[in-house]
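What follows is a single structure, written as structure tokens, with notes after it.
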Amino acid sequence: MTKIDTGIASIGLHLPPLAMPVEELASLRGVDPDKYRIGLGCSEISLCPPEFSIVDLASEAARRALSRWEGDLDDIGMIAVGTETAVDMSRPLSAFVADELGLAGSIRSYEVKHACYGGTLALRQACEWRMSGAARDKAALVVAADIALYEQGDPGEPTQGAGAVAFVVERPEIASVGVESHAWSQPAFDFYRPVGEAYPRVDGKLSLECYKKAAQECFSALTRGENPADVLEQFSAICFHVPFPKMVKKAFHLVGEVAGWTAERIEQIYNDKVEPAMRWNQLSGNSYTASLWIAVAHALQGLKAGEQVAAFSYGSGFGSEILSLIAGPRAKDAEWAQDIERDVSRRARVNASGYNLLRAAVRTAAA
Ligand code: CAA
């Protein structure tokens, strides 16, 4: 993999102030909690109170990333926000976040939409902007943020969640992003939200097939011409977009079968390199654009410089891409871990009746 002099200089993470264990939702829906816990692999659902918006979520992650970076706002030449929780059809979420941060001037500011793939696109565009020389040594602020809510009673409800990740893209102190990546897209209506509708329309079974097809194509491209096992084993962690953890397990099993591994080998590599990266995702629930990058942030913690991480991004519709990252000298410090620890320790627990009240309040606020 080509080593390049651009990548992630700092990371900020943010989870909203409420959370509900999936067991509470199971009691409300009259479902065996093991369906959610074991069948889907879910644990907690991050939730936002009605007065807490996507702008709050995204801006706080951005503030945290900026606070750990040596530069200042004058050194930022781009702000790109990946989201599918847009608040306006014209004004980009980046403008709302820039307002909060006091960021204005000679800056390219825009929102990226491609379902859960939007954050990855924003990050790649920022890296490519730096690599091209167009950045003239300026840094980019990249944010991936979403609040994932399904209609009440929808099969996707136990997978709900929210979260935000922000990166300053500049010198690769935490990780460089490899210049080679492998994309695969194929138009489909697996998950989409028509203009004006509050909740996504989901063809659940089709979405699983699209995700698996995307994973198979991206991993095949990554390993083409080489022994797949040799390529995959060089990664310290293999991260996926996490709509729910069982989806990742199913997709990784398929990748392993294509690589020619036995079932035991697949299980062992899944346990060593895939499953551990999803610990924070189990606390956030699905956070759409942020989901993969929460897993990557977890995986980068404590890595020695030079260790590698694979990142598979999937966005319904569908588009996907696999990227490689190489840990830099400050990955070992893992300063961003305190963001999750602090948010999780401070957030309030919601029970089943509190969830009903919250959904009613969110509906009223949206009306
Ligand atoms: N104990 C243990 N396991 C149980 C169980 C029990 N009592 N009852 C059921 N299960 C298991 C089932 O056997 C099944 O496991 P397998 O798939 O391994 O067989 C699992 O629980 C789920 O059961 P169902 O398939 O019956 O679940 P469902 O149809 O009610 O809902 C879903 C599943 C369709 C994925 C739904 O959660 C959904 O629509 N989710 C949103 C869409 C989604 O996340 N798609 C993923 C790809 S798209 C994407 O990645 C973009 C994105 O972020 C949304």
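Here are a few things to note about the model shown:
- Filtering the stretch 137-171 to residues that are more than 16 Å from the ligand (Cβ to nearest atom) and out of contact with any strand residue (DSSP E or B) (no Cβ under 7 Å at 6 or more places or on another chain) leaves only 137.
- Note on the stretch 80-123: residues that are β-branched (Val, Ile, Thr), within 19 Å of residue 11 (Cα to Cα) and in contact with a Lys or Arg (Cβ under 9 Å, 6 or more places away or on another chain) amount to 1.
- Residue list for the stretch 194-221, filter: farther than 22 Å from residue 245 by Cβ, in contact (Cβ under 8 Å) with a residue 24 or more places away in the chain and touching a strand residue (DSSP E or B) at 6+ places or on another chain (Cβ under 7 Å): 221
- Consider the stretch 227-243 and keep the residues that are modelled with pLDDT of 95 or more and in contact with a Phe, Trp or Tyr (Cβ under 9 Å, 6 or more places away or on another chain). The one that is farthest from the ligand (Cβ to nearest atom) is 238.
- Answer residue from the stretch 123-139, given it is under 16 Å from residue 293 (Cα atoms) and without any contact (Cβ under 8 Å) to a residue 60 or more places away in the chain and is least open to solvent (accessible area, probe 1.4 Å) among those: 126
- Scope the stretch 322-367; condition touching a Lys or Arg at 6+ places or on another chain (Cβ under 8 Å) and open to solvent by 40 Å² or more (accessible area, probe 1.4 Å); matching residues: 332, 335
- Enumeration of residues in the stretch 179-196 that are charged (D, E, K, R) and either within 9 Å of the ligand (Cβ to nearest atom) or at pLDDT 95 or above (or both): 190, 193
- Hey, residue 293 open to solvent by 10 Å² or more (accessible area, probe 1.4 Å) and under 22 Å from residue 115 (Cα atoms) or not: no
- Residue in the stretch 185-197 that is in a loop (DSSP other than H, G, I, E, B), of a type in the set (A, V, I, L, M, F, W, C) and in contact with a helix residue (DSSP H, G or I) (Cβ under 6 Å, 6 or more places away or on another chain) present: yes
- Filtering 67, 90, 94 for residues that are within 22 Å of residue 6 (Cβ to Cβ), of a type outside the set (D, E, K, R) and open to solvent by 30 Å² or more (accessible area, probe 1.4 Å) leaves a single hit, 67.
- For residue 11: the one exception among (1) of a type outside the set (Phe, Trp, Tyr); (2) within 16 Å of the ligand (Cβ to nearest atom); (3) in contact (Cβ under 8 Å) with a residue 40 or more places away in the chain: (2)
- Only helices (runs of 4 or more DSSP H) whose full extent lies in the stretch 18-101 are considered here, and the ones with at least 2 residues that are in contact (Cβ under 8 Å) with a residue 24 or more places away in the chain and closer than 27 Å to residue 169 by Cβ are 54-67, 93-101.
- Among the candidates 218, 210, the residue that is within 10 Å of the ligand (Cβ to nearest atom), assigned to a helix (DSSP H, G or I) and surrounded by 18 or more Cβ atoms within 10 Å (Cβ to Cβ) is uniquely 210.
- Residue pairs meeting the criteria (Cβ under 6 Å; at least 6 apart or on separate chains; first part of a helix (DSSP H, G or I), in the stretch 246-262; second away from the ligand (no atom under 13 Å from the Cβ) and open to solvent by less than 60 Å² (accessible area, probe 1.4 Å)): 252/270; 252/274; 253/266; 255/219; 256/266; 259/228; 259/229
- Residues that are hydrophobic (A, V, I, L, M, F, W, C) and within 14 Å of the ligand (Cβ to nearest atom), drawn from the stretch 197-207: 202, 206
- Index of the failed condition, residue 142 passing every other in (1) crowded, with 23+ Cβ neighbours inside 10 Å; (2) within 23 Å of residue 186 (Cβ to Cβ): (2)
The values are calculated or read from the model by the stated rules, or taken from the named source; none is laboratory data. This is a predicted model, so every value here is computed, not measured. So basically every Cβ, Gly included, is an ideal-geometry build from the backbone, and we count neighbours across all protein chains shown. Ligands, DNA and RNA are stripped out before the accessible areas are found, and what is left, the full protein with its side chains, is counted by its heavy atoms. Shrake-Rupley method; radii C 1.70, N 1.55, O 1.52, S 1.80 Å.
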